1. Would you point out the residue of region 44-69, among those that are aliphatic (A, V, I, L, M) and over 28 Å from Gln170 (Cβ atoms), that is farthest from ligand 3 (Cβ to nearest atom)?
2. Contact list please: Cβ distance under 7 Å, first residue in region 86-99 and at pLDDT 95 or above, second residue of a type in the set (A, V, I, L, M, F, W, C) and in a loop (DSSP other than H, G, I, E, B), pairs at least six apart or on different chains.
3. Being among the acidic types (Asp, Glu) and touching an Asp or Glu at 6+ places or on another chain (Cβ under 7 Å) is the filter here; which residues of region 1-34 pass it?
4. Failed condition for Val277, given (1) in contact with a Gly (Cβ under 8 Å, 6 or more places away or on another chain); (2) over 18 Å from Pro5 (Cα atoms); (3) of a type outside the set (Gly, Ala, Ser), with all others met?
5. Contact list please: Cβ distance under 6 Å, first residue in region 46-61 and within 24 Å of Gly129 (Cβ to Cβ), second residue modelled with pLDDT of 95 or more and more than 16 Å from ligand 2 (Cβ to nearest atom), pairs at least six apart or on different chains.
6. Just to be sure before I move on: is Val77 in contact (Cβ under 8 Å) with a residue 12 or more places away in the chain, among the hydrophobic types (A, V, I, L, M, F, W, C) and within 17 Å of Val232 (Cβ to Cβ) in the structure I sent?
7. Quick check, is Val171 within 25 Å of Asn119 (Cα to Cα), of a type in the set (A, V, I, L, M) and in a loop (DSSP other than H, G, I, E, B)?
Amino acid sequence: MSTEPTLEDRFVGCLLGLAVGDALGAHFEGQPVAFMERKYRSARQLIHSPPPGELWYTDDTQMAIGVAETLVRCGEVDFDVLCERFAANFLPQRGYGRGARIVLEAMGAGHDHKYLAENLFPGGSFGNGAAMRVAPVGVMFRDDPSAVWKQAHTSALPTHVHPLGIEGAQVLALAVALASQGEELNRESYFETLAERCGAPEYSGALRRAARLDTVRDLGLFGNGIEATASVVTAIAAFGLTPDSYGETIGNAILLGGDTDTIAAMAGAISGAYLGVGAIPSDLLAKLEDRKQGKSYIEQLARDLYGAYEAARGLPTKD
Ligand code: RVK
Ligand code: MG
Ligand code: MG
């Protein structure tokens, strides 16, 4: 790291890092890896020559905004407030998972959304929708891994009750919390700390393999799909490969094809929490949409979240 970011920079980096990864990745959502390889020689080329025009974020950022708003308002994840924020922020054109969209529409209409979350898929959803939005929980509870685990669990429940959907969110939140600590990354202990917390071998095994990953060529072995088990560890592994470069981290995630917005959103949130907002390339940040709940709103929300974090620790706030 060149200049040491402040903790507030890390909060802002986490939320804007998520949004930029999501919005850049969204251009390539669903593309096969072969298409990406033909189009770009490297992550650097993608980052230096992004698609023209504004970058629009998707459901990943929209729902992370709801999580952050809930934390700012309540100081913790309150299930009912979180559902209210998800419903109030719901914009179908952001592009939601098939089941998540049905649950969110039911929330807005006052229907029994809990029944739907439990029964739309057998055992509930194991999509990556709970993990893609959980990063604010990671920075907010960064001092207490048990609180990260518990709060991430509650944050998943409105839409994802399957144990693998929940644990994906827990692992991602803890990956963010550990990255925000301000210590130089020790890859082995980072991945081992994450793996030790996991109950599901799908996560612990993949995390231990990710600790040994030494070439971007093998990143795709961790998956590029919409299932939490095919994307959460991929995002953490992308960060672990290039911890000192936000651009290469999200670029490598996007070059995998598949669920590019979400893998880049998750990887970008971790990288932003580690490196701070100054590490996000300024030309990418300049392209991020800035109306209503756009860039300025997200930046202020991240600063408010930092204020809520300080207040919860009993530290004097700036105001
Ligand atoms: C469009 C079988 C299951 C399942 C189960 C599959 C946005 C379904 C974001 C489902 C992210 C899909 C993504 C996604 C986030 C889940 N049995 N299949 N038990 N559980 N699936 O609908 O919020 O992009 O095919 O809960 O997790 O950018 O449609 O949505 O990429 O996973 O959607 O799960 O999706 P959902 P989500
Ligand atoms: Mg999306
Ligand atoms: Mg996606």
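The values are calculated or read from the model by the stated rules, or taken from the named source; none is laboratory data. As the structure is a computational prediction, the values presented were derived from the model and not from experiment. Here the Cβ positions follow ideal geometry from the backbone for every residue, glycine too, while neighbour counts run over all protein chains shown.
1. First, pick out the residues of region 44-69 that are aliphatic (A, V, I, L, M): 46-47, 55, 63-65, 67-68.
Restricting the remaining residues to those that are over 28 Å from Gln170 (Cβ atoms) gives 46-47, 55.
Numbers: Leu46: 17, Ile47: 19, Leu55: 15 Å.
This residue is Ile47.
2. Gly97/Ile226; Gly99/Leu120; Gly99/Phe121
3. Asp22, Glu29
4. (2)
5. Short answer, once both residue conditions are applied: Leu55/Lys287.
6. In short, no.
7. no
The rows are residues; the columns are (1) of a type in the set (A, V, I, L, M, F, W, C); (2) farther than 22 Å from Leu7 by Cα.
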| site | (1), (2) |
| --- | --- |
| Val171 | yes, no |
| Leu174 | yes, no |
| Glu183 | no, no |
| Gly205 | no, yes |
| Arg212 | no, yes |
| Thr229 | no, yes |
| Phe239 | yes, no |
| Ser245 | no, no |
| Thr262 | no, yes |
